[in-house]
Structure formats: structure tokens, C-alpha cells
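Colleague: Submitted below is the structure of interest, expressed as C-alpha cells.
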Amino acid sequence: METNQTIVATKETPDNSHRCRCAHCNAEVSTPAEIVFDHKPFCCHGCCAAYQWLTAEGLEQYYELRERFNAADGNRGAEVTLDEMSEFDSAWYAQQHIRPVASNGLKTKIYLEGIHCAACVWLIEKMPKLVPGVLSAQVSLARSTVELIWDPTKVSLSRIAVEIARLGYRPHPIRGEAKFEQRAKDLRRQLAQVGIAFACSGNSMLLAAALYLGELYGMSGEHIQLLRGASTVIGLVALLGPGWTFFKGAASALRTRTPHIDIPVAVALAVGALSGIWNTLKGTGELYYDSLSMLVFLLLAGRYVQARQQQLAYDSLDILLQLTPRKARRIRDGKAELISSESLSVGDTIEVLEGESFAADGSIIQGRTEVDQALLTGETLPVVVAAGDPVFAGTVNRGSAIRIKVEQVGEDSRVGKLATTIEKAAVMRTPLVQLADRLAGRFVILVLFVAVATAIYCYFYRPEALVDRVVSLLIVACPCALGLATPMAISLALGEAARRGILIRGGDALQRLADRGVVLLDKTGTVTTGDVEVRFDHIAKEFWPAIVALERKSSHPIALALVRYGNETASHACRTTIEPEQVEYRSGGGIRGSLAGKQWLIGNRAFVESEGIVLNESNLQHQADYLAAGCSPVFVACEHKLIGTLGIGDHLRSDIISVVDALKKAGWQVGLLSGDHPQVVAAVGQQLGLDSNLVWGGKSPEDKQQVVHQLQQQKLSVVMVGDGVNDAVALAQADVGVAVKGGAEISLQAASVYLKNADLTALLDLSQAGRNTIRAIRRNFFASISYNIFAVGLAVVGLIHPLIAAGLMPVSSITVVGVTLASQVFPKRADAAKPIGPKKS
């Protein structure tokens, strides 16, 4: 069959008829396949077109590579047009994302959907062959991006985007790339310094070994001087190159009059370097460059690892902005155009369909709908909005299509401001290493004072021993162990916590959990299960089949809860298929429908009363009971007669009462902080036996942050436990933020602790672990300082040679490791597993 054959629908049985799958995307295809080309089945015309294009260009190897790397989920060809990709040719995109390169070329980076294997990378990087004018295409599999360089005189970026989309990888602009590139550039610079320091230390060690062996076996003087000169050059490269960061740190510390660990390190490096240079010129004496180069490498490697972890934490703060959609449907001259949300401007009109997220803050100018605001408020039920009401980026339209006028975009939107608030609150946290900094600072001052005193003494009484004693003192007293004491103890605690299903983002959380204070619990998803369900049922079972049949036509959370309850709990008869003749959904009210010739109403009080239904005292009492229990009342009427009421809400967690009691017994104050209705939150707080002064309802994310801040001003340590995105700001503001299982991703990024198993009893273990960790750190400080006092004493009296000092330097670190490993940070599992509730008789 010829390669230019058109796609035809045929019943021809393909080669793999036993288990028929699409030859391009590997999706299952009905047998016999309706779309067949070259004796191969395809699930759709798009996949078949992509296959024909690849084979026509001689790129059949794509499928071989995909199979080799087990990429079973191939990508379907996407039918896109230049109009859809026109944003890549827009002025705003050129200003933010395109940079010029040599030879009149342009460069940009684009995010691609569906990249998941080496075959994908291989195919996309063939773009210079497939599209004339594309000069280069480099794919980052980890970030799902492609960096393109092209000649704008030969091809437009939108045309390149269309061709990439034809391969099945739909392109999108990248958000926040400038910030990422800058942080990545800083990390690459630090990594380069580590690499240079490693090369210098390795060569210095080799030269030192050659010198030691040469002196032992009688190497000629000329060769010894050559090796000493080479060692000096390489050592100075290490000290004045990568090691220069310690001199800059020491200079900054001196300018700010702050004792810092960099000061004795810089002094030791400087004294050792000057002594080595002098001994090189003399032709005798120790050089020290092997020890100094290795010291520079180890310290820089540790700093790089720390910087890498800090970058990962910083990148995670950008996730909130990613909760807004990448695309928006802008209305101009009565026509809709799909554009990037980044190109929206204040005053634009956009259309948001049912099920879509809002791309910007604005006010409704046309339509009426319900909006899921759980992202911001934590409310489990949608809110009715109409013309003139505000809507916010990241929330979801759960009703009909509406149009809004854009008022705030990007970082100026409410969700963008929340991201900024989270970032600032995270930066303002006091780290656990403050204790280490205070002790290390005092130790630095003491070491420098002793070094100066030693130098003065030796200058007058033992000038020949001045350099050896001062260098030995500064090397052996290098406060590396003080810097290791804190992270070693924290690492032990974090590792044990991870094995228990507790993920801790930073060690400072352990320090704060060691102090008694206030534990604030969010309601939805933390105190309660977070799932809307029927909690009160005052309806006869024979009515449930009709209720299920009507509610099955809606995707509203309450409708889903009624269907689930009717099918699983109320009556097996609900599983029978009954089709209503007519169903009308009233936004913010309920459902009106006709079933078997009877008219039904299911909804809230305002809805049924608007239809002429009269509530009696029993119905009103049920409503009061539901509200007191934290539930929303739902009324059901048939033929204009009320037949019963339902209470819709979410249940308390089965263990929450015992957890609250245990926290109180352990010395914590427990409060409730929620965005739900104050009356509902007060009812839940009463069930938990909480102090009414520590129960807050109807709070927005910003209000929650203020509540936490006010408690902190009272000198209270605040632990915020939340489960929703709306808790992100409060989680970041709190001294310790705890996200439980099922919480939205942003909460996990803003929180300090993540409870994988949603077991709030882990808070008690964490509190004990915090106290044990602090004790372990103090023991480490004692062991390190004791060692240093002993070693410094030997160096001062001249009993330690600089080479021996370099060998003894790791002893304090080894001591810290041993003491830490011997520490019991978390309670024993038998103790941790004890029930924390009241004892049963």
C-alpha cells in the first residue's frame, strides 16, 4: 500500500486482532478496527494522521524507541490551527518569553503536554529536520519543556507550535520561568565551585602524597621544589577561587560585627596559605594545602546541598499560581478567542463555562451560576452568584456559563496575593539553627581570642612555633561540629518521622512543637471527614427511589450525596432504573421534576417556600436540629406536600474527640478555626468541648492569618492543622503548620508537617520528639565544645602538629554522629501506639 494512501474506514482485520490496540497511542480499539492504515489499527483519524506524517518523514524509529523505553501511553496527534497557537506570535509573549541569539535567531522555552519517555524527547528534537527554519530543539524531560531556536524570517513560532501539537505534545507558555532560571543559575554557579574545589583537593592530595613519599625515599631537591610549587599554585586556586566565599563571608561578618563560623575558617585558610607560601619560598616547612583544599571542598559541598533544598522549598511556593487555568476565553467584538491567562488585562471580558476555573478576579456582568470557592474559603457547598457579584481566580464554576469583567490578574489576584503572603510568612520563620548560631558565635570569639593570645605569646617567647601553633589551633578548633550538631539531630528525627508516616519539611518545626501553646484545627477535612453526606434522614424509604432518580440528573455535591445514600443505605429499590419525565435545576435552590405524573421538589427552605410549600413546626424543629449539628437542611415535597426533611453535612472523624482530650491533657489549648458558617462551627466546637473563645467561624484565608497572628502576639506558640487550600496562609503564618492526608497540594507546600495517615495523635509524638531533639542538640554541643577545649589546649602548648590537627579535626564530628545516633528522639513504638483516649473499664 502506498504511503500517500488516504484514511479509509474498513473492516479489514489488522495483524494484532487478538488484542487490538492503536498503532500510535496504544489505546484499545474495537475489533475489527474501523480505521486501518498499512494493516495497522488506529483509534481515531488524528492518530492515523500522525502515523502517516511520521512514516512519510522517515521517523518510524519513534515507535521502536517508545517500545524500548516501555512508553505504553503514546500521544495522540492533535488537530490544532494557527489561530489557536496565535498567542505565541503576540507582542506580550515576545516581550516576556523570547530572547535574541546569534545569527538573527530567536530563542524561547515552551511547556509541552505528554512528554514521558526518551522516545518523546527523540521525536521532538527532530524538529529542525521536520520544520524548515527551526535551528535547534532541546528537550528537558524532567520539566517537560523544549528550548527552541528558530529563524523568524523562515518560520513563525505559532507554525512551530502547530507542528509540535501535530506530534501529540500540545504547547503552552511557561509561567515564572525568569525566577526559575535565576535560581537555577545561582545553583549552577555553586555546583561549579564545588567541582573546582574537588579537583583542587584531589590534586593537592596527590601532590602531598608524592612529597611525603619523596622525602621518605630520597627524591631529588629539584623535583621536591617543583612539587611544592605545583601544590602552592593548586592550593591558591582552591583558596582564591571557590574558597573566596569564606573570605567574603568573614568580611561581611566583620562589617556587621557579627561572629560567624566563616571567620575562623577564613583566618585558618589565610594563615595556612601565607605560611605555605612562605615555606614554599624558603624551600622547607609544611604547606598545608592538601588539608586546606579538602576543607574548602567539604564546606562548599555542604552549602550546595543546603542551597538545593532551599530552592526546592522556594519553588514549591509558586504552586498556588499554578492552580489557576493556563487558558482563558476572551470575548471581543462578540467573538470568543482562547488565549493564555497571562495575556489578560484589566477590563477584558471573559467567558467561563460550567466546570471551568476562573482565570482572574472580576465581577459577573452576565449570567447566574454557582461557584465552588473551596480553594479560598473551604466551604464544601457551592455559593450562588449573579450579575454584580465578585468571583475569584482559581475557583470553579459549577453551574451555567457566565461572563465576567476582569479586575485583577496574576499576582494582583486574590489567589496571587495568597501566594505572596505564604512566601513572606515562610521567610519570616525563625529557624532552629538560631541556638547553634548563638553558641557558635560565642565559640568563634573565644577561638579567635585564644589564637591571638597564642600568637602574641609565641611571637615573644617561641617565634619558631608561632605559625604551627596558630594554624593547628584554628584547624583543630574549626567549629564544623557545631554546625553539624543541629542538622545531624534533625536528620535523625526527620528520618524516624518519615518511617512513621510523618513528613516534616523543616527542623524548626521540632523546636516549636517542643513548646506548649495553642493547636488550631480546621473543620472541613480535619475535624470532619470532608465528604458531604446524609447525616439526618426523616423521609420514608418508599420515597427514596424517586429522590435518587431526580438527583441522578445533577452533578451538585448534595445531589451526589443523596444518590450515594439512596443507593447504599436507604433502600435496595433505589438501584432500579427510573427515568423522570422532566427535570429542572434551580441554581442555589434545588431540583424540580416530574416522575410518574407527580411533581417533586427537593431543595432548601427558600426554594420550597417559593413554590408554595408550607413548613410545619416539626419541619422547623428538624431544621434547627440540623443547624445545631452543623448540617444544612434539605426539604422534599411531592404534589405540593412536604413529605420529609434531610440533614446534609460531613461527619466528625471517629478519633477526633479522643485526640482533643489527649492534647488538652498534654498541656495544649485546642481551638477551631474555619471558613464555614459560624453557627455550624460553633456546633462542632460544642461537640468537641472546646472553649468558645477559641472557636472562630466564617473566616476567610486572610482572617485566619490574622487570628494566628493575634495569638502569636500573646506570646503563644501556634500550631495550625488544616486540610484545604484555604488554610495555606494560616499554615504558613503559624509557628507550625500541619497538613493532614487529603489536603490540597498548596497546603502541603505551605505546611511544615504532613501527616500521611491523617492520624492527629501524631501531634503528641511530634511534641515529645521536639523536646528530645533539643536535648540531643544540647548534648552534641557539649560533646563538641568539650572536645574543642581539650584539642585547643593541646594546640596552644604545642603538643599538636598541624598535620595531626588536620587528622583530629573530624574527631569532633564523629563524636557528634555517635552521640546523635545513640539518642532516642521519638517515643518507642509501643508507647506511641498506646490509646490516648479514656481508659475502658
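Colleague: For the range 611-641, enumerate the residues that are touching a strand residue (DSSP E or B) at 6+ places or on another chain (Cβ under 8 Å) and hydroxyl-bearing (Ser, Thr, Tyr).
Modeller: Pass one, the range 611-641, residues touching a strand residue (DSSP E or B) at 6+ places or on another chain (Cβ under 8 Å): 611, 613-616, 619, 622-623, 625-627, 629-640.
Correct list: 626, 632.
Colleague: Let me ask something else about it. Going by what's in this entry, would residue 264 be described as in a helix (DSSP H, G or I) and under 30 Å from residue 445 (Cα atoms)?
Modeller: Values: in a helix (DSSP H, G or I): yes; under 30 Å from residue 445 (Cα atoms): yes.
Judged against the criteria, residue 264 is a match.
Colleague: Open to solvent by less than 50 Å² (accessible area, probe 1.4 Å), assigned by TED's automatic domain parsing to the domain that holds residue 470 and modelled with pLDDT of 65 or more, is that true of residue 806?
Modeller: Working: open to solvent by less than 50 Å² (accessible area, probe 1.4 Å): yes; assigned by TED's automatic domain parsing to the domain that holds residue 470: yes; modelled with pLDDT of 65 or more: no.
Judged against the criteria, residue 806 is not a match.
Colleague: So, in the range 651-675, of the ones that are out of contact with any helix residue (DSSP H, G or I) (no Cβ under 7 Å at 6 or more places or on another chain) and surrounded by 17 or more Cβ atoms within 10 Å (Cβ to Cβ), which residue ends up farthest from residue 626 (Cα to Cα)?
Modeller: Of the range 651-675, the ones out of contact with any helix residue (DSSP H, G or I) (no Cβ under 7 Å at 6 or more places or on another chain) are 651, 654-655, 658-659, 661, 664-665, 667-668.
This time we only want the ones that are surrounded by 17 or more Cβ atoms within 10 Å (Cβ to Cβ), so: 659, 668.
Working: 659: 25, 668: 31 Å.
Taking the candidates together, the pick is 668.
Colleague: If you check every pair at least six apart or on different chains, which have Cβ atoms under 9 Å apart with a residue in the range 229-252 that is modelled with pLDDT under 90 first and a residue that is surrounded by fewer than 17 Cβ atoms within 10 Å (Cβ to Cβ) and part of a loop (DSSP other than H, G, I, E, B) second?
Modeller: 252/258
Colleague: If I filter the range 680-689 for residues that are surrounded by fewer than 19 Cβ atoms within 10 Å (Cβ to Cβ), on the phi > 0 side of the Ramachandran plot and modelled with pLDDT of 90 or more, do I get at least one hit?
Modeller: yes
Colleague: From the residues in the range 579-588 that are in contact with a strand residue (DSSP E or B) (Cβ under 7 Å, 6 or more places away or on another chain) and either in a helix (DSSP H, G or I) or at pLDDT 70 or above (or both), which one is nearest to residue 544 (Cα to Cα)?
Modeller: Step one: filter the range 579-588 for residues in contact with a strand residue (DSSP E or B) (Cβ under 7 Å, 6 or more places away or on another chain), giving 580-588.
Right, trim to either in a helix (DSSP H, G or I) or at pLDDT 70 or above (or both) and you get 580-586.
Values: 580: 14, 581: 17, 582: 18, 583: 16, 584: 19, 585: 19, 586: 20 Å.
It comes out as 580.
Colleague: Out of the residues in the range 227-262 meeting the condition of being β-branched (Val, Ile, Thr) and within 20 Å of residue 193 (Cα to Cα), tell me which one is least open to solvent (accessible area, probe 1.4 Å). Write out each step before concluding.
Modeller: Of the range 227-262, the ones β-branched (Val, Ile, Thr) are 232-234, 237, 245, 256, 258, 261.
Cutting the leftovers down to within 20 Å of residue 193 (Cα to Cα) gives us 232-234, 237, 245, 261.
Values: 232: 15, 233: 91, 234: 42, 237: 74, 245: 40, 261: 51 Å².
Out of the qualifying residues, it is 232.
Colleague: Let me ask something additional. If a residue must be part of a helix (DSSP H, G or I) and open to solvent by less than 60 Å² (accessible area, probe 1.4 Å), how many such residues does the range 690-712 contain? Full working, then the answer.
Modeller: From the range 690-712, those part of a helix (DSSP H, G or I) are 692-694, 701-712; that's our starting set.
Okay, now just the ones that are also open to solvent by less than 60 Å² (accessible area, probe 1.4 Å), so 694, 701, 704-705, 707-708, 711-712.
Of the residues in that region, 8 qualify.
Colleague: If I go through the range 600-624 residue by residue, how many of them are open to solvent by 60 Å² or more (accessible area, probe 1.4 Å) and either without any contact (Cβ under 8 Å) to a residue 24 or more places away in the chain or closer than 22 Å to residue 560 by Cβ (or both)? Don't jump to the end; show me each part of the working.
Modeller: As a first pass, look at the range 600-624 and keep what is open to solvent by 60 Å² or more (accessible area, probe 1.4 Å): 605-606, 609-610, 614, 616-618, 620-621.
Now restrict to residues that are either without any contact (Cβ under 8 Å) to a residue 24 or more places away in the chain or closer than 22 Å to residue 560 by Cβ (or both): 605-606, 609-610, 617-618, 620-621.
So the count comes out to 8.
Colleague: Can you tell me which residue among 287, 269, 298 is surrounded by 21 or more Cβ atoms within 10 Å (Cβ to Cβ) and under 41 Å from the mean Cα position of the chain (by Cα)?
Modeller: Numbers: 287 fails: under 41 Å from the mean Cα position of the chain (by Cα); 298 fails: surrounded by 21 or more Cβ atoms within 10 Å (Cβ to Cβ).
The unique qualifying residue is 269.
Colleague: Additional query: Could you check the range 517-538 and list, in sequence order, the residues that are of a type in the set (Lys, Arg) and open to solvent by 20 Å² or more (accessible area, probe 1.4 Å)?
Modeller: Passing the criteria: only 535.
Colleague: Taking the condition of being at pLDDT below 85 and under 16 Å from residue 565 (Cβ atoms), how many residues in the range 630-648 meet it?
Modeller: First pass over the range 630-648, keeping only residues at pLDDT below 85: 630-632.
Next, only the ones that are under 16 Å from residue 565 (Cβ atoms) stay: 631-632.
Number satisfying all stated conditions: 2.
Colleague: So which residues in the range 625-646 are buried (at least 23 other Cβ atoms within 10 Å of the Cβ) and either out of contact with any helix residue (DSSP H, G or I) (no Cβ under 9 Å at 6 or more places or on another chain) or not assigned by TED's automatic domain parsing to the domain that holds residue 550 (or both)?
Modeller: 626
Colleague: Please go through the range 96-115 and give me each residue that is polar (S, T, N, Q), outside any loop (DSSP other than H, G, I, E, B) and at pLDDT 80 or above, ordered by number. Talk me through it step by step, then tell me what you get.
Modeller: Residues of the range 96-115 that are polar (S, T, N, Q), as a first pass: 96, 103-104, 108.
From the residues that got through so far, the ones that are outside any loop (DSSP other than H, G, I, E, B) too are 96, 108.
Passing the criteria: only 108.
Colleague: Among 668, 696, which is in contact (Cβ under 8 Å) with a residue 40 or more places away in the chain, aromatic (Phe, Trp, Tyr) and assigned by TED's automatic domain parsing to the domain that holds residue 733?
Modeller: Result of the check over 668, 696: 668.
Colleague: Please report, ordered by residue number, the helices (runs of 4 or more DSSP H) entirely within the range 426-516 with at least 2 residues that are of a type in the set (Val, Ile, Thr) and modelled with pLDDT of 65 or more. Write out each step before concluding.
Modeller: Details: elements: 434-461, 466-476, 480-499, 508-513.
Of the helices (runs of 4 or more DSSP H) lying wholly inside the range 426-516, those with at least 2 residues that are of a type in the set (Val, Ile, Thr) and modelled with pLDDT of 65 or more span 434-461, 466-476, 480-499.
Colleague: Is it true that residue 199 is farther than 16 Å from residue 288 by Cβ and out of contact with any Ser or Thr (no Cβ under 7 Å at 6 or more places or on another chain)?
Modeller: Working: farther than 16 Å from residue 288 by Cβ: yes; out of contact with any Ser or Thr (no Cβ under 7 Å at 6 or more places or on another chain): yes.
In short, yes.
Colleague: State yes or no: is residue 164 modelled with pLDDT of 90 or more, farther than 30 Å from residue 296 by Cβ, crowded, with 16+ Cβ neighbours inside 10 Å and β-branched (Val, Ile, Thr)? Quick ask: steps written out before the conclusion?
Modeller: Details: modelled with pLDDT of 90 or more: no; farther than 30 Å from residue 296 by Cβ: yes; crowded, with 16+ Cβ neighbours inside 10 Å: yes; β-branched (Val, Ile, Thr): yes.
In short, no.
Colleague: Hey, among 119, 142, 178, 199, which residue is farther than 18 Å from residue 94 by Cβ, part of a helix (DSSP H, G or I) and at pLDDT below 90?
Modeller: Working: 142 fails: part of a helix (DSSP H, G or I); 178 fails: farther than 18 Å from residue 94 by Cβ; 199 fails: at pLDDT below 90.
Selected residue: 119, the only one of 119, 142, 178, 199 that is farther than 18 Å from residue 94 by Cβ, part of a helix (DSSP H, G or I) and at pLDDT below 90.
The values are calculated or read from the model by the stated rules, or taken from the named source; none is laboratory data. What you are looking at is a predicted structure, and each value in this text was computed from that prediction instead of being measured. Every residue, glycine among them, receives a Cβ derived from its backbone with ideal geometry; neighbour counts consider all protein chains shown. Heads up: the accessible areas ignore ligands, DNA and RNA and are worked out on the full protein's heavy atoms, side chains in. Shrake-Rupley method; radii C 1.70, N 1.55, O 1.52, S 1.80 Å.
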